[in-house]
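Novice: Before I ask anything, here is the structure I am working with.
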Amino acid sequence: MTEISERLVLSPKAVIEHLQMMEREELLISCQDERRRKYYYLSHDINVIVNLQKQDGVTLPSVVGDQRARFTRNLAALGRMVRAREELLENLEQLEREIESRFNEIVRTREIVAVDDRDLDAILLPLSHVDLTIVELEEVSSLSTDELKQRLGSLMQMGFVERVNDRYRIRGTHGE
C-alpha cells in the first residue's frame with residue numbers, strides 16, 4: 001500500500017479503498033504476516049492494454065501530460081516559496097538593522113539614566129530577551145545571589161525591572 005501510494009501520488013486511504021474493492025472483485029488476494037502487514041497478489045494473470053487515442057473527439061489524458069502538469073505546479077510552487085523566502089530575508093535584514101539601532105541607543109543613553117555597565121550586560125540585556133528566575137539570572141550573569149538581589153532591587157526601584165511571581169522581566173514588556 002505504501003509503495004503504491006508513493007508511486008501514484010495517492011493518499012493511503014484511496015489506495016486501501018481501491019485494494020479492498022479489487023479484493024472483493026477477486027482481482028487480488030491478500031495475506032498477512034506476523035506483524036499484521038497485509039500483502040496483495042494478483043489472483044490470476046491480467047493483461048492490460050492502454051490505448052491513448054481520441055474517443056469521440058476527446059483526447060484521453062496521458063501520463064506525460066499529467067507529469068507536465070505536475071512539473072508546472074511544482075515550478076510555480078517553487079517560485080512562490082523562493083519569493084516568500086526573499087521577502088522573509090528582507091524583513092529579517094530590516095529587523096537586524098532595527099535591533100542594532102536600538103542596542104546602540106541603549107548603550108548611548110545608559111549613562112544618562114544611571115545604569116551601570118554590569119547591570120546592563122548581566123541583567124537588563126538577558127531580561128530583554130526573556131523573563132528569567134533568580135536562578136536563571138545567576139547562570140547568565142555570573143553574579144552571586146546576594147549581589148544579584150541587590151542589583152535587581154536597585155533596577156526595580158529605578159523602574160526598569162519588575163517581578164511577577166518568581167520571574168523578573170523588563171517593565172512594560174507584556175502590555176501591562
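Novice: State the number of residues belonging to the range 98-123 that are open to solvent by less than 70 Å² (accessible area, probe 1.4 Å) and within 18 Å of L137 (Cβ to Cβ).
Specialist: Counting residues in the range 98-123 that are open to solvent by less than 70 Å² (accessible area, probe 1.4 Å) and within 18 Å of L137 (Cβ to Cβ) gives 5.
Novice: I'd like the full set of residues that are under 29 Å from the mean Cα position of the chain (by Cα) and assigned to a loop (DSSP other than H, G, I, E, B), limited to the range 94-130.
Specialist: Going residue by residue through the range 94-130, those that are under 29 Å from the mean Cα position of the chain (by Cα) are 94-103, 125-130.
Hit for the range 94-130 is V130, nothing else.
Novice: Being assigned to a loop (DSSP other than H, G, I, E, B), surrounded by 14 or more Cβ atoms within 10 Å (Cβ to Cβ) and charged (D, E, K, R) is the filter here, so list the residues in the range 155-176 that pass it.
Specialist: R171 - this is the single residue of the range 155-176 that is assigned to a loop (DSSP other than H, G, I, E, B), surrounded by 14 or more Cβ atoms within 10 Å (Cβ to Cβ) and charged (D, E, K, R).
Novice: Are there any pairs, at least 6 apart or on different chains, whose C-beta atoms fall under 9 Å, with the first in the range 57-75 and in a helix (DSSP H, G or I) and the second of a type in the set (G, A, S) and at pLDDT 80 or above, and if so, which?
Specialist: none
Residues are listed down the side, and each one gets a yes or a no for (1) at pLDDT 85 or above; (2) open to solvent by 100 Å² or more (accessible area, probe 1.4 Å); (3) touching a strand residue (DSSP E or B) at 6+ places or on another chain (Cβ under 7 Å):
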position	(1), (2), (3)
M21	yes, no, no
N47	no, yes, no
G57	no, no, no
S62	no, no, no
N74	yes, no, no
M81	yes, yes, no
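Novice: If I filter the range 131-154 for residues that are in a helix (DSSP H, G or I), surrounded by 13 or more Cβ atoms within 10 Å (Cβ to Cβ) and among the β-branched types (V, I, T), do I get at least one hit?
Specialist: Going residue by residue through the range 131-154, those that are in a helix (DSSP H, G or I) are 134-141, 145-154.
Subset that is surrounded by 13 or more Cβ atoms within 10 Å (Cβ to Cβ): 134, 136-138, 140-141, 147-149, 151-152, 154.
So of that shortlist, the ones also among the β-branched types (V, I, T) come out as 134, 140.
Yes.
Novice: Listed residues N51, N91; which is among the polar types (S, T, N, Q), exposed (fewer than 10 other Cβ atoms within 10 Å of the Cβ) and either outside any helix (DSSP H, G or I) or at pLDDT 90 or above (or both)? Break it down stepwise before answering.
Specialist: Numbers: N91 fails: exposed (fewer than 10 other Cβ atoms within 10 Å of the Cβ).
Only one candidate qualifies: N51.
Novice: Continuing with this model, one more query. Taking A122, is it small (G, A, S) and at positive phi?
Specialist: Numbers: small (G, A, S): yes; at positive phi: no.
Taking the combined requirement at face value, the residue does not satisfy it.
The values are calculated or read from the model by the stated rules, or taken from the named source; none is laboratory data. Predicted model only: the values in this text are computed from it and were never measured. Glycine gets a Cβ as well: all are built from the backbone with ideal geometry, and neighbour counts include every protein chain shown. To get the accessible areas, we keep the full protein, side chains included, count just its heavy atoms, and leave off ligands, DNA and RNA. Shrake-Rupley method; radii C 1.70, N 1.55, O 1.52, S 1.80 Å.
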